[in-house]
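See structure below.
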Amino acid sequence: MQVDRCNRLKNTNVSATDNEAQPAGSTPPHTHASIGDHDAGHDAIDRCIRWTTWYVRRLVQAGDIHSKGLNKKYQVSQPQVSCIIALNEYGPLSLSKLAQYILVKPSTVTGIIDRLEQKGLVKRERNLTDRRVITIELTAAGQHLAEEAPPPIPETIIRGLTKLSAEEAEQIVNSLSILVGMLDDEHAE
């Protein structure tokens, strides 16, 4: 199964810069011929693991660079932009619900909201009927930033996705879903 998944990957151009050393094995797993015997299958899986690791690291690197650009231009981090986008899309949210939307722990989102509140981008509001419940909502400045700020992932990825066929885009979603499912499987054990 894993070998088939690697063989189904679409052929992509892979280039390395001085800062991006590619894994040993020289070419991506999806450019190799089909797998024959057991040893070749095992080698193919090893190549898939190396290239998956390289691609994930490259995405993380792009995310880090994008986050630094957000911080420089808008004085907000990627997690802060994610909070602003979620509040813009869903309206006022509790800390726990906001944490679910941006995939962090409630304790982490508390720090993010503290910093956004200091910048005047969000405010905490107590529920009038139950004073224990606090919701987070955007201020006018936060609303303006939500409308002006770029997405929390590099725009080059978004532009690239819009140029794909529906089948290619679905293949990416399915492949990422499989990877995330592996994380979820690990946490379930």
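Points worth noting:
Every residue, every condition in (1) of a type in the set (Phe, Trp, Tyr); (2) part of a strand (DSSP E or B); (3) free of Cβ contacts under 8 Å to residues at least 40 places away in the same chain, yes or no:
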position	(1), (2), (3)
LEU116	no, no, no
ILE136	no, yes, no
GLU170	no, no, yes
ILE178	no, no, no
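- Sole residue being more than 18 Å from the chain's Cα centre (by Cα) and not aliphatic (A, V, I, L, M), chosen from ARG159, ARG124: ARG124
- Screening SER26 against (1) on the phi > 0 side of the Ramachandran plot; (2) at pLDDT 50 or above leaves a single unmet condition, (2).
- Search result, residues across segment 149-168 that are open to solvent by less than 70 Å² (accessible area, probe 1.4 Å), under 21 Å from VAL60 (Cβ atoms) and in contact (Cβ under 8 Å) with a residue 60 or more places away in the chain: ALA149, PRO150, PRO151, PRO152, PRO154, ILE157
- Residue selected from segment 72-93 under the condition within 17 Å of the chain's Cα centre (by Cα) and polar (S, T, N, Q), by the criterion surrounded by the most Cβ atoms within 10 Å (Cβ to Cβ): GLN80
- When each of GLU125, GLU147 is tested for being at pLDDT 90 or above and over 30 Å from SER177 (Cα atoms), the lone residue that passes is GLU125.
The values are calculated or read from the model by the stated rules, or taken from the named source; none is laboratory data. Since this is a predicted model, take the numbers as computed values, not measurements. When we count neighbours, we look across all protein chains shown, and the Cβ atoms used for this are built from the backbone with ideal geometry, even at glycine. Note: areas computed on protein heavy atoms with side chains; ligands, DNA, RNA excluded. Shrake-Rupley method; radii C 1.70, N 1.55, O 1.52, S 1.80 Å.
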